[in-house]
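Participant: Sharing a structure here in structure tokens format.
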Amino acid sequence: MTIKVYIPTPFRRLTGNRVFVDADGSDVNGVLQDLEQRYPGFGQLVFTEDRQILSHVNVYVNNHEISTLDGSETSVGDGDEVSVIPAIAGGSVMTAEQIDRYSRHLIMDQVGPLGQRKISAGKVLVVGAGGLGSPVLVYLAAAGVGTIGIVDFDVVDLSNLQRQIIHGTKDIGRPKVESAADRIADMNPNVTVVKHTEPLTSENAMAIIPQYDIVVNGADNFATRYLVNDAAFLSRTKLVDGSIFLFEGQITTFIPGEGCYRCLYPSPPPPGMVPSCAEAGVLGALPGTVGAIQATEVLKLLVEIGEPLKNRLLLYDALAMEFRTVKIRRDPQCPLCGDAPTVTELIDYEEFCGSPFHEGAVAQPVS
């Protein structure tokens, strides 16, 4: 009986760098013994002296860890896939609690244990713990993103609760970062939260953003939007951008070197032309839809599956219940990511956007 076996990178030197190999056996132990015979040295990487599987090696059958099945005596048959996953530097073997918690990911062929490990190793910064930040934070924490940074210095207000679902009535008057961190800890204790209870400015953005793999923009003012874009590009950090207004949302993903927000919108509109959500309002459920899409983009980027919204802008019209996608491209004339850039460091974004600085002007979350 031939079984397909996934070989992790540290073991591939034994298999001629093959990612998948075939092995015979009616159970996991038989498969591992067959691999030991076919590939000398394999057994030393998997078994203890008394032929037990090493504690730092996890074995999965069809993405189910064998400790949740029948251990090394777990039966296998035609069409089954066995994965042998050792702990690597910076990572660890999943606990039984984590296997249960992420079980719906682990059984997916596109995610599986390897994808979940990538999610758990991910570092994501969310700018704003408001309308968009709330669903983004909730879904990233639930999915098990290992480190989540939150930038926000606002406090929870009663008017926020119509849409900012990470906060509750008991949190009114509390800093949003603290409220969000408590909710994440209650939801998933495996997540490390880094709290940046300060405005994001030209002075600190390049110290904060490069710490992360991906930044999610949930700001509601143009000064912050351009600041986050420029800092993400300059630090070579992937950016998932979202915006909302009344009944409409926009989402796109920027990969450094493949376009940026300035390619899409070279300059902001004149002050006062586009009212804020606080001035015009926003449908309470709208940021949930847009934020969930942003979170989906983040998880795809971490696991490295599917097609991100790079070079595409997704438009959502809640009233018509329609989604449209338009193509965007890197602009060779872009002052930031173009062929002859003129913006090589962060600038004065309040002046660039034509709006005077005021308390909360930078890193103010989506209202």
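Participant: Quick one: ILE99 ticks every box in (1) open to solvent by less than 10 Å² (accessible area, probe 1.4 Å); (2) closer than 30 Å to LYS300 by Cα; (3) of a type in the set (A, V, I, L, M) bar one, so which box is it?
Facilitator: It is condition (1) that ILE99 fails.
Participant: Next question, about the same structure. So, in the range 309-327, exactly how many residues are among the aliphatic types (A, V, I, L, M), touching a strand residue (DSSP E or B) at 6+ places or on another chain (Cβ under 7 Å) and without any contact (Cβ under 8 Å) to a residue 40 or more places away in the chain?
Facilitator: So the count comes out to 1.
Participant: Of all residues in the range 212-255, how many are within 16 Å of the chain's Cα centre (by Cα), surrounded by fewer than 20 Cβ atoms within 10 Å (Cβ to Cβ) and either at pLDDT below 95 or hydrophobic (A, V, I, L, M, F, W, C) (or both)?
Facilitator: Going through the range 212-255 one residue at a time, the tally reaches 1.
Participant: Between a first residue in the range 210-223 that is over 16 Å from LEU132 (Cα atoms) and a second residue that is in a strand (DSSP E or B) and open to solvent by 10 Å² or more (accessible area, probe 1.4 Å), which pairs have beta carbons less than 8 Å apart while being 6 or more apart in sequence or on different chains?
Facilitator: Within 8 Å, the pairs are GLN211/LYS123; GLN211/VAL194; TYR212/LYS123; TYR212/THR147; ASP213/LYS123; ASP213/LYS238.
Participant: So which residues in the range 37-62 are open to solvent by less than 80 Å² (accessible area, probe 1.4 Å) and outside any loop (DSSP other than H, G, I, E, B)?
Facilitator: PHE42, GLY43, LEU45, VAL46, PHE47, ILE53, VAL57, ASN58, VAL59, TYR60, VAL61
Participant: Also, quick follow-up: Filter the range 113-125 for residues that are open to solvent by less than 40 Å² (accessible area, probe 1.4 Å) and at pLDDT 85 or above; which is farthest from LEU45 (Cα to Cα)?
Facilitator: Step by step, filter the range 113-125, then rank; the result is LEU125.
Participant: Let me ask something else about it. Condition (residue is over 27 Å from LEU314 (Cβ atoms) and in contact with a helix residue (DSSP H, G or I) (Cβ under 7 Å, 6 or more places away or on another chain)) applied to the range 224-239: is it met by at least one residue?
Facilitator: no
Participant: Residue under question is THR201, and the condition is that it be hydroxyl-bearing (Ser, Thr, Tyr), under 19 Å from ALA295 (Cβ atoms) and either part of a loop (DSSP other than H, G, I, E, B) or in contact with a Pro (Cβ under 7 Å, 6 or more places away or on another chain) (or both); does it hold?
Facilitator: So THR201 does not fit the description; no.
Participant: Here's a follow-up. Taking only pairs six or more apart or across chains, which ones have beta-carbon atoms under 6 Å, a first residue in the range 147-173 that is closer than 14 Å to LEU137 by Cα, and a second residue that is in a helix (DSSP H, G or I) and open to solvent by 10 Å² or more (accessible area, probe 1.4 Å)?
Facilitator: Here the result reads ILE166/VAL138; ILE166/ARG183, each pair linking the range 147-173 to a residue that is in a helix (DSSP H, G or I) and open to solvent by 10 Å² or more (accessible area, probe 1.4 Å).
Participant: Next question, about the same structure. Could you check the range 139-158 and list, in sequence order, the residues that are in a helix (DSSP H, G or I) and surrounded by fewer than 21 Cβ atoms within 10 Å (Cβ to Cβ)?
Facilitator: Hits for the range 139-158 are TYR139, ALA142, LEU158.
Participant: Looking at this structure, is VAL82 on the phi < 0 side of the Ramachandran plot, open to solvent by less than 40 Å² (accessible area, probe 1.4 Å) and without any contact (Cβ under 8 Å) to a residue 60 or more places away in the chain?
Facilitator: no
Participant: Please tell me if TYR6 is in contact with a Pro (Cβ under 8 Å, 6 or more places away or on another chain) and closer than 20 Å to VAL111 by Cα.
Facilitator: Taking the combined requirement at face value, the residue does not satisfy it.
The values are calculated or read from the model by the stated rules, or taken from the named source; none is laboratory data. Owing to the predicted nature of the structure, the values given are computational and were not obtained by experimental measurement. Here the Cβ is made from the backbone with ideal geometry for all residues, glycine too, and neighbour counts use every protein chain on show. Note: accessible area is taken over every heavy atom of the protein model, side chains too, but ligands, DNA and RNA are not part of it. Shrake-Rupley method; radii C 1.70, N 1.55, O 1.52, S 1.80 Å.
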